[in-house]
Every structure is written in structure tokens, then in C-alpha cells.
Amino acid sequence: MAELVLAAATPHNPLLWRTMVEPIPEDLLGVAGNFRAIADLIRELEVDLIVLVGSDHVRQFHSELSPAFVVGKAESYHGTWQNEARAFGMPYVEVTGHRELADAITGREMLTEAIDFAVSSEWRLDHGFILPMLYLTPDLDIPIVPIQVNSTLQPFPTPRRFAALGRHIADSIAAWDSPARVAVITSGHMSTEIGGPRQFLGGGSSDPDFDVEAVGWLADGDLDAAIAGCSYERVLASGNLSYQYVNVLTAFAAMGGAPADFAEATPSRYAPSPFFWWRKP
Amino acid sequence: MSKYMINKLIRGIELSDATVQAYVADPPGFVTGWLAGGATQETRSDDRELTAEERAAFDTRDYAALYALGAHPYLLWHWVEAVYLHEATWPEMVERYRTAVTPIGWPDFVV
């Protein structure tokens with residue numbers, strides 16, 4: 001059977017792409033080092049496949065049709081949109097998919113009862129997916145199953161559903177007849193505001209109290225507290241884009257709510273960045 | 001008032017370099033062309049309509065007005081970057097934008 005060997009959570013701040021370059025500026029050394037630590041774990045644990053859980057930023061999915069959870073079933077994906085190449089200097093890329101694992105997660109002819117997934121056979125991935133890949137697997141040599149979680153356009157799934165998604169991914173991997181070694185990687189933010197009065201506070205958080213709590217739930221292995229603490233009202237009060245923090249609950253639940261091996265809101269010039277990881281216990 | 005239509009046009013401008021350039025060169029002309037360019041009865045749905053207030057905000061690149069009208073803040077900020085950074089630096093635009101939207105607070109942007 002396939003094995004879930006690693007779960008991790010990273011930021012996907014695209015502004016890093018122009019600034020976090022050699023020689024790495026001092027204020028970004030922590031972010032660069034934590035991306036490198038997860039990249040090293042992927043190699044050390046001989047990961048064959050990555051389930052990549054991220055949020056589209058109103059590029060592929062907008063209010064014309066905005067599903068809660070979408071699993072990619074394509075053989076490959078184009079990555080980076082023209083506005084991301086323009087604004088952030090990100091490269092256009094091609095990423096290999098993995099249909100068999102995608103089918104194991106959603107069901108092939110009938111959907112799993114765990115989650116009413118939407119599925120996609122053609123989808124251009126934005127920086128919510130590509131940015132972490134460029135740092136974790138720079139050669140893009142590990143196939144992925146992308147899963148879109150809607151944390152950008154209300155109405156959002158509840159935090160309990162993000163945890164259910166994580167448990168379902170773990171169960172699907174455990175039941176999949178394959179020798180693959182799989183990692184679940186989520187991308188998101190700590191408290192974050194874009195386009196509101198609190199954006200770009202020069203490295204400060206839009207809600208330091210939320211960030212402390214949000215790291216603590218994972219460091220302590222308290223999934224119930226994380227779910228309770230991620231009420232819509234509390235998360236949105238911390239920043240208008242903070243709901244992308246909730247993505248981490250999928251990695252957390254995939255690891256059974258165990259305390260993270262590493263849990264940190266890493267400082268940077270932009271805002272504290274989420275870094276969490278768990279080796280399989 | 002339709003927050004969906006505001007976001008649709010913001011996105012329609014910001015996603016591609018060609019539309020950014022066309023809009024910046026002639027905002028009212030671009031908006032007129034956009035409003036006229038929707039779907040016909042025979043094609044996939046693509047409605048396009050703006051109130052007079054929304055139309056005026058797009059005609060003048062008025063980001064404070066669009067923010068107050070409930071534009072999605074993430075989309076709006078990246079639209080501001082796309083249509084203003086040829087005439088101001090990024091730090092200048094960050095501060096100009098903050099100054100403009102702070103008195104407005106946090107409007108309901110749920111579509």
C-alpha cells in the first residue's frame with residue numbers, strides 16, 4: 001500500500017520570487033532556510049508523489065463558478081498566469097500530474113462519500129501552487145495531484161471540512177495499492193491582509209495574537225482547538241485574506257492532529273510566514 | 001450594484017498584459033468596448049453591466065470608489081498595481097492606497 005511519509009505547510013507569497021534570491025537578504029534567511037529544510041525532507045524521505053493543497057487567487061476559479069474543493073485529474077498542468085509573470089516575475093512552467101492517485105482520492109466512477117469533490121481535467125495553476133513547488137522541487141521532477149481549496153471567494157468551507165479533507169487524503173493514500181511514498185503539502189498564510197488598510201505593514205502581522213495562537217495549536221497537537229479557533233469571524237478579523245491559513249488544517253488532520261515536528265510563523269519583510277512539518281510518526 | 005460585475009471587469013483588465021495596456025491607454029473607451037463585448041443569445045453566458053457609479057469609477061481608475069463599492073480587495077490591489085505602476089513606485093502606491101482606503105474601513109465584499 002502507498003505510504004504518507006511527510007506533511008508540510010508553507011507560505012506562497014509571490015513577492016518572494018523577486019526578493020529571495022542569492023545573496024539571500026538577511027530578513028529572508030529564515031524563510032529560505034525553512035523552504036530548504038522541507039525540500040531536504042522530501043529528498044531524504046524519498047517522496048515519489050505530492051498531494052499539493054492550495055488556493056487559487058481568482059484566476060482559474062472565480063465567482064462564475066467557485067467550487068469548495070477541486071481535485072486535478074490532468075496528466076500535466078500549465079503553471080503561472082500572465083499577471084503573475086508581470087507582477088512577480090514568476091516563470092511559466094509545466095507540471096506533471098498523477099491520475100491514478102487523483103482517482104484514489106476522489107473515486108473514478110463514483111465520488112467518495114467523504115467529500116463531494118469537483119474534478120478538473122484542465123486548470124492553469126497559480127502561485128498558490130507553483131510558488132511552493134519552485135522552492136521545494138525546483139526541477140519539478142515529482143508529480144503532483146493539485147487540490148484547490150477555496151479560501152479566497154466566500155462562501156468558504158468550514159474548518160471542519162478542511163480537517164475532513166486531510167483525514168480523507170490520508171485514508172485514500174493508506175488504501176491505495178501502490179508502493180508510492182506520498183507527501184501532503186499545503187500552502188497559505190498566517191494572518192494576512194491584501195487590498196485593505198492593513199496590507200504591507202513592513203514585516204508586521206495584521207494580527208500578532210492570532211498568529212501566536214495559530215502556531216500553538218499545531219505545536220501542541222490540538223486539532224479541536226484549531227478548528228474551534230478558526231471561526232470565520234475570528235479569522236477574517238485577523239486579516240481579509242487570512243482564511244488561507246485554514247488550509248494548514250488539511251495537513252494537520254492528515255497527520256492525525258499530531259504535534260508538528262516544526263511549527264513557526266517565520267518573520268520576513270512582508271509578514272510572518274507559516275512553516276509547519278510532520279514526518280510520519 | 002453588482003460586486004460580481006465589478007470583480008469581473010477588474011479581473012478582465014488585470015489578467016492579461018494586452019488588456020492592462022488597452023485600459024490604461026483609454027479607460028472610458030476600454031469600458032465601453034467591454035460593455036459591448038458580452039455574449040450573444042447563442043453563446044455561453046457572458047453578461048456585462050455596470051451602474052453609472054461603477055462605470056464612473058472604472059472610467060477614472062478610482063480605486064477608493066471601487067473599494068467602497070465592495071470590490072474584492074485582493075483583486076482590487078493587484079488591479080491597482082497593474083494600472084498605476086507605470087506612473088508611481090510600488091512603495092508610493094502602497095501608501096497612496098492605504099491613505100485612500102483606511103477611512104472606508106472594511107466594506108462587505110462578499111459577492
**Request:** Return the FRET efficiency for the residue pair residue A:114, residue A:178: r is the Cβ-Cβ distance, R0 is 25 Å, and the value is rounded to the nearest 0.05.
**Result:** 0.85
**Fill in**
A student applying the Cα gyration tensor rule (rounded when a/c is under 1.5; otherwise prolate if a/b is larger than b/c, oblate if not) would label segment A:212-281 oblate
**Item:** More than 19 Å apart - percent of Cα-Cα pairs taken over segment A:1-85
**Value:** 58 percent
**Prompt:** Considering the alpha-carbon set of segment A:147-277 alone, what are its Rg and its Dmax in angstrom?
**Reply:** 14.8, 50
**Message:** Take residue A:280 and residue A:21, extend 7 Å from each Cα along the Cα→Cβ direction, and tell me the distance between the two endpoints in nm.
**Reply:** 3.9 nm
**Relative contact order, percent, segment A:58-147 [alpha-carbon distance under 8 Å, six or more residues apart]** = 42 percent
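Rounded, prolate or oblate: which fits segment A:82-234 when a ≥ b ≥ c are the square roots of the eigenvalues of the alpha-carbon gyration tensor, with rounded for a/c under 1.5 and prolate only if a/b beats b/c?
Details: a/c = 1.84, a/b = 1.22, b/c = 1.51.
Here segment A:82-234 falls in the oblate category.
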**Message:** Counting only helical runs of four or more DSSP H residues, what would the 222 nm mean residue ellipticity of chain A come to if each run contributes -39,500 (n - 2.57) and the total is spread over all its residues?
**Reply:** -9500 deg cm²/dmol
**Request:** Would you kindly state the longest site-free stretch of chain B, with sites defined as trypsin sites (Lys or Arg not before Pro) in a DSSP loop (not H, G, I, E, B) surrounded by at most 16 other Cβ atoms within 10 Å?
**Result:** B:62-111
**Message:** Compute, for the protein assembly as shown, the length of the dipole vector about the Cα centre, with Cβ point charges of +1 (Lys, Arg) and -1 (Asp, Glu) only. Units Debye, rounded to 20.
**Reply:** 240 debye
**Asked** What relative contact order, as a whole-number percentage, does chain A give when Cα pairs under 8 Å and 6 or more residues apart are counted?
**Response** 31 percent
**Message:** How large is the direction-averaged shadow of the alpha-carbon convex hull of chain B, in nm²?
**Reply:** 7.0 nm²
**Item:** Alpha-carbon spread of segment A:144-215, three principal axes, descending order, Å
**Value:** 50, 25, 23
**Request:** With just the Cα atoms of segment B:68-111, tell me how far they stretch along each of the three principal axes, in Å, largest first.
**Result:** 30, 20, 12
**Request:** In nm, give the distance between the simple-model label positions of residue A:64 and residue B:95, each being 7 Å from the Cα along the Cα-to-Cβ direction.
**Result:** 4.0 nm
**Item:** Residues A:124, A:160 arranged by fewest to most Cβ contacts within 10 Å
**Value:** A:160, A:124
**Per-residue HN-Hα couplings for segment A:78-83 [Karplus 6.51, -1.76, 1.60; θ = phi - 60°; Hz; x = Gly/Pro]** = 6, x, 5, 8, 4, 5
**Request:** At q = 0.17, 0.20, 0.27 Å⁻¹, work out log10 I(q)/I(0) for segment A:27-77 with the Debye formula, treating every Cα as an identical point scatterer and leaving solvent out; two decimals please.
**Result:** -0.81, -0.90, -1.04
**Request:** State the percent of C-alpha pairs, over all pairs in segment A:24-148, separated by a distance greater than 22 angstrom.
**Result:** 40 percent
**Fill in**
hull vol. (C-alpha, convex hull) per residue for the protein assembly as shown, Å³ -> 137 Å³
**Asked** So what's the gap between the Cα centers of segment A:73-130 and segment B:33-59, to the nearest angstrom?
**Response** 30 Å
**Message:** If I take the Cα coordinates of segment A:90-173 and project them onto the principal axes, what are the three extents in Å, biggest first?
**Reply:** 37, 30, 22
**Request:** Can you tell me the equivalent ellipsoid semi-axes for segment B:1-42? Use √(5λ) from the Cα gyration tensor, largest first, whole Å.
**Result:** 18, 13, 10
**Loop sites in segment A:69-101: chymotrypsin sites (Phe, Trp or Tyr not before Pro), DSSP, at most 12 other Cβ within 10 Å** = none
**Prompt:** Restricting attention to segment B:14-94, which GluC sites (Glu not before Pro) occupy a DSSP loop and are surrounded by at most 16 other Cβ atoms within 10 Å?
**Reply:** B:42, B:49, B:87
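FYI, it's all coordinate maths here, none of it is from the lab. All of these numbers come straight from a predicted model, not from anything done at the bench. Quick reminder, even Gly has a Cβ in these numbers, built from the backbone with ideal geometry, and neighbours come from all protein chains shown.
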